[in-house]
Structure formats: structure tokens, C-alpha cells
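What follows draws every value from the coordinates through simple rules; no lab data is involved. No experiment lies behind these values; they were computed from the predicted model shown. In this analysis, Cβ positions are derived from the backbone assuming ideal geometry, glycine residues included, and neighbour counts consider all displayed protein chains.
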Amino acid sequence: MTNTHPKKTKIALIDDHRLFREGVKRILEMESDFEVVAEGDNGSVVEAIIEGSNPDVILMDINMPEMNGVEATRTLVKKYPDVKILILSIHDDETYVTHVLKCGALGYLLKEMDADSLIEAVKVVADGGAYIHPKVTHNLVKEFRRLAENGYQREASGFRDIEYQKPLHILTRRECEVLQLMTDGKSNRLIGEALYISEKTVKNHVSNILQKMNVDDRTQAVVQAIKKGWVKVS
């Protein structure tokens, strides 16, 4: 008989704060296709967890005793190149996210996230995509703009001279509005509230935007839109 039950996404949860870990675990296990298969309180235990539980996604705190999330990520990616790591952090400074992404993490999520953002992030990373918390994305965009205006990014020279122009040759007016709000660091829920549309409708618009712009994730869409002068950056 064919097994009709979908394969569950196996998750390892690594955080030294037990109460926070338990709260995250409860949220994750509300999803029928998620299963927390292992837990730990520092980065040094993750290799044993990978060998023993083979998780699809490792959800890991950036600040932990003994071995922090950055060190663990760097070590694990060298030994397990296909490992999918989603970093949890209280820091929204762009220097943290660029550092962990360089080390090989696929995602960066602030601990202030809501349940929907947590679930979305795990699903995106499990599928091999990249997820960066919208608030951090906005900080990255501002840093990119600062570098461009100060001449540190040669490839972005002339960026500040691009006249703002909506990409109506590619996107609908509503998709342009959604893209602008993505650049402003709004989550799907906040975009929906701003435009008086459902979160499901926002997700459909975001999916259409990524497809039309031929990019894999929100961050790529925002950076490309900035470079092309399609959005305003405050």
C-alpha cells in the first residue's frame, strides 16, 4: 500500500535558553508536517545530532556557551556541505547576518519573530531557499545604499543617480506596492494590514514577484529592485 502521509520536516533545535526552546518547539509542532527530532544547548552537540537524527533543518541560536552558532555553522558546513542551518538571534545589525551567511547559514531570524514568520522560515530553508528576517533585510538594504553613496561599491556607482520608477513593464501596480513594502522591511502580515488584503493574498503577490523578477527569495528581489531604482529607500 502506498504511504499517503507526507514526509515530515525533521528539525533540530539548539538554544541554551530552555524556556525559549520549549516555546519554539510548541510552535513548530503545531504544524503537522514538522517534527522536532533533537534538542541541544550549545553548538558542540550538533555534529552528534546530525549523525544520530539526520535533521532537515537545524534551528540554532547565535549566542551560546562553549560553541556559539557562528562557530558551529562554520564547522558543520565544512563537514556537511548540504546542511541547512537557520540562525536565531536577538541582533538586527547587518554585520551579524552577513557574517553567518558567509559561514554557510541559509537563514537569519530574529527572536522577536511571530509564529507565522518562524514557520515560513523553516519551510523556505527546508526547501533549500534562503530566509532573512524582514527587519534585517531592511537594514541590509540601508547599508547597501550607504556603501553605494560613499563609493565603496564600484558596481553600484551611479546607483544614487537612478531615477525612481515603478517597474510596471513587469509587475502589476499591486505587486509594485508589495515590493515597496518588502523593501521597507514589512512581514507578509504587516503588508496585508497596510494594503487591506489577506496574508494569503500577500504570499501570492510575493510568489508572483519572485517569479517575474527571476529571483529565488525576498532578499534577492529587494536588492535587485534597489539597484534598478524600482523602490524608494528611506
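Sequentially through segment 9-25, phi angles give Karplus couplings (6.51, -1.76, 1.60; θ = phi - 60°) of 7, 8, 10, 9, 10, 10, 7, 7, 9, 4, 5, 4, 4, 5, x, 5, 4 Hz, Gly and Pro residues having no value and appearing as x. Counting every alpha-carbon pair across segment 9-140, the share separated by more than 17 Å comes to 52%.
For ALA221, the shell of other residues with beta-carbons less than 12 Å away shows a net charge of +1, using +1 for Lys and Arg and -1 for Asp and Glu.
Residue by residue, segment 61-72 carries 3J(HN,Hα) couplings of 5, 7, 10, 9, x, 6, 9, 7, x, 5, 4, 5 Hz when phi is fed to the Karplus relation 6.51 cos²θ - 1.76 cosθ + 1.60 (θ = phi - 60°); x denotes Gly or Pro.
Overall shape of the chain was characterised from the C-alpha gyration tensor. The equivalent ellipsoid obtained from it has semi-axes of 32, 22, 15 Å, in decreasing order. Karplus-derived 3J(HN,Hα) values for segment 75-87, using 6.51 cos²θ - 1.76 cosθ + 1.60 with θ = phi - 60°, are 5, 5, 5, 5, 8, 10, x, 8, 4, 10, 10, 10, 8 Hz; glycine and proline are entered as x.
Net charge around ASN68, counting only other residues with Cβ within less than 11 Å of its Cβ (Lys, Arg = +1; Asp, Glu = -1)?
-3
Calculated FRET efficiency, LEU210 and LYS102, Cβ-Cβ r, R0 30 Å, to nearest 0.05?
After rounding to 0.05, the efficiency reads 0.80.
The count of lysine pairs in segment 173-228 that are at least 8 places apart or cross chains, and whose C-alpha atoms lie under 22 Å apart, stands at 9.
Hey, with R₀ at 22 Å, roughly what FRET efficiency would HIS169 and TYR196 work out to, going by the Cβ-Cβ distance, to 0.05? Given R0 = 22 Å and the Cβ-Cβ separation, E is 0.25.
Peptides 192-205, 53-66 ranked from most to least packed give 53-66, 192-205, packing being the mean of other C-beta atoms within 10 angstrom over each peptide's residues. Taking every alpha-carbon pair under 8 Å whose residues sit at least 6 apart, the chain reaches a relative contact order of 14 percent. The Stokes-Einstein estimate for segment 173-228, based on a Kirkwood radius over Cα pairs and taken at 10 °C with 1.306 mPa s viscosity, is a diffusion coefficient of 145 µm²/s. Considering only the other residues whose Cβ falls under 12 Å of the Cβ of THR9, what net charge follows from Lys and Arg at +1 and Asp and Glu at -1? Every neighbour counted, the sum reads -1.
Only the Cβ atoms of Lys and Arg (+1) and of Asp and Glu (-1) were treated as charged; on that basis the dipole of segment 173-228 about its Cα centre amounts to roughly 120 debye.
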